[in-house]
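Let me give you the structure first, and then I'll get to my questions.
The values are calculated or read from the model by the stated rules, or taken from the named source; none is laboratory data. Since this is a predicted model, take the numbers as computed values, not measurements. So basically every Cβ, Gly included, is an ideal-geometry build from the backbone, and we count neighbours across all protein chains shown. We work out accessible area using only protein heavy atoms, side chains counted, and drop any ligands, DNA or RNA first. Shrake-Rupley method; radii C 1.70, N 1.55, O 1.52, S 1.80 Å.
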Amino acid sequence: MKAISGSIGGVVEASCLQPIDVIKTRLQLDRSGVYKGIIHCGTTVARTEGVRALWKGLTPFATHLTLKYALRMGSNAVFQSAFKDSETGAISNRGRLVSGFGAGVLEALVIVTPFEAKFTILVLPSSPFIIALDTNYICGSQGNYTSFILNGLNNDCYLQVVKIRLQQQKGLSHELLKYKGPIHCARMIIREEGIFGLWAGAAPTVMRNGTNQAVMFTAKNAFDVLLWKKHEGDGKILQPWQSMVSGFLAGTAGPICTGPFDVVKTRLMAQSGSGTGVKYKGMIHAIRTIFAEEGLPALWKGLLPRLMRIPPGQAIMWGVADQVSGFYEKRYLQNAPL
């Protein structure tokens, strides 16, 4: 039920906050200072490329959040059950941190190996169908395919590469764009850089997601207890606005802690080529290079748009998820208050 409630919240969140994600990506990739800030970036994109450019990647982004939250919420619930006290059912903050980190890592890397064989289908232009490893950023409204299969699991790494490559393209003229859509982008990356080009930025993605979820789940529970006297499993259902306040506050800590990982992830995923032809050789090398060339603040580029997107997104997601799971507990669980 946690997985279902999270996926519903993900659909609502994606529909509201996609422009902020586009702006964040453009700012993180802006090395020459073209954009002067969030407002300037947004207005420049809208003026030069059209307003709809701010919603680039919406369909795959919505699908991505739906599956990501389903996996995140579901796996976190499973991990937490392993840390609960057998007698009281309580879980320590250490258990919450470890469970959240595990959910984040699973979110970042699950199905990389088990479904690698399916990925080879993407390089066959004559293939009558495309099997999408998951729907992070491949399953979009563009691309020549007759059907796709959802694996039901989520990976927040290799298909983020496709999203970032699409978002960094400037302009809307289909003929002038290198990547014509999610499927075409994935095929081009594999053809030019090899299949591992889709896993660029895997290490910072794992660190970002693991740290972010560890902080977020722990903080959400802490704010529920502190502000509303709500303890997990006590049967109390928060009002939507209460869940949104707790979710918003919990969503502020993660971006601050994981800013450098997010910047490095974006840089690694955005660069084309392999071997000696790339600027950044890996996570540590990227951090050192960015720090040396652009200074320490550059490692937190895009923080403000992340804070504009993630906390409101978490507020929306938790506002929906808590209501869905609360309704289920009240309606179907025997020990829930009527």
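Mind scanning Lys2/Lys229; Lys2/Lys220; Lys2/Lys24; Lys229/Lys330; Lys68/Lys265; Lys2/Lys301 and naming the pairs with a C-alpha gap bigger than 25 Å?
Lys2/Lys24; Lys2/Lys301
Additional query: Quick one: ranking Trp228, Trp55, Trp241, Trp318 by accessible area, 1.4 Å probe, largest first, what do you get?
Descending accessible area places them as Trp241, Trp55, Trp228, Trp318.
Per residue, what accessible area does the range 213-338 have, given a 1.4 Å probe and all protein chains present, in Å²?
For the range 213-338, the solvent-accessible area averages 48 Å² per residue.
Report relative contact order for the range 59-105 in percent, whole number only (criteria: Cα-Cα under 8 Å, sequence separation at least 6). Don't skip to the end; give the middle numbers.
Details: 24 pairs, mean separation 18.7, N = 47.
Answer for the range 59-105 is 40 percent.
Remind me, relative contact order of the range 210-338 in percent, using alpha carbon pairs under 8 angstrom and six or more residues apart?
Relative contact order for the range 210-338 comes out at 35 percent.
Roughly how much of Thr88 is accessible, in Å² to the nearest 10, using a 1.4 Å probe?
Result for Thr88: roughly 100 Å² accessible.
Given the protein chains as shown and a 1.4 Å probe, how many square angstrom of Val215 are accessible, to the nearest 10?
Its accessible surface works out to 30 Å², give or take rounding.
Using a 1.4 angstrom probe on the protein heavy atoms only, could you order Ile287, Ile189 from most to least accessible area?
Ile287, Ile189
Using only the Cα atoms of the range 36-93, what semi-axes does the equivalent ellipsoid have when each is the square root of 5 times a gyration tensor eigenvalue? Give whole Å, largest first.
Here the semi-axes work out to 43, 15, 5 Å.
Now a separate question. Between Glu87 and Lys36, what FRET efficiency comes out of the Förster formula 1/(1 + (r/R0)^6) with R0 = 45 Å and r the beta carbon distance, rounded to 0.05?
0.20
A further question on this structure: Mind ranking Lys281, Lys36, Lys180 by accessible surface for me, highest first, 1.4 Å probe?
Lys36, Lys281, Lys180
Considering the range 205-273, what Rg and Dmax in Å follow from its alpha-carbon atoms?
Taking only Cα atoms of the range 205-273, I get Rg and Dmax of 15.6, 53 Å.
Sticking with this one: Thinking of the range 229-336 as a set of Cα atoms, what percent of all their pairs are more than 16 Å apart?
67 percent
Which listed residue (Gln28, Ser7, Ala53) has the Cα farthest towards the positive end of the charge dipole for the range 1-58, taking +1 on Lys and Arg C-beta and -1 on Asp and Glu C-beta about the Cα centre?
The one lying farthest along the dipole's positive direction is Gln28.
Enter the accessible area of Phe101 (Å², nearest 10), with the probe set to 1.4 Å and all protein chains included.
80 Å²
Whole-Hz Karplus ³J(HN,Hα) for the range 32-47, in order, using 6.51 cos²θ - 1.76 cosθ + 1.60 and θ = phi - 60°, x for Gly and Pro?
Those phi angles translate into 9, x, 5, 9, 8, x, 4, 5, 5, 4, x, 5, 5, 4, 5, 6 Hz.
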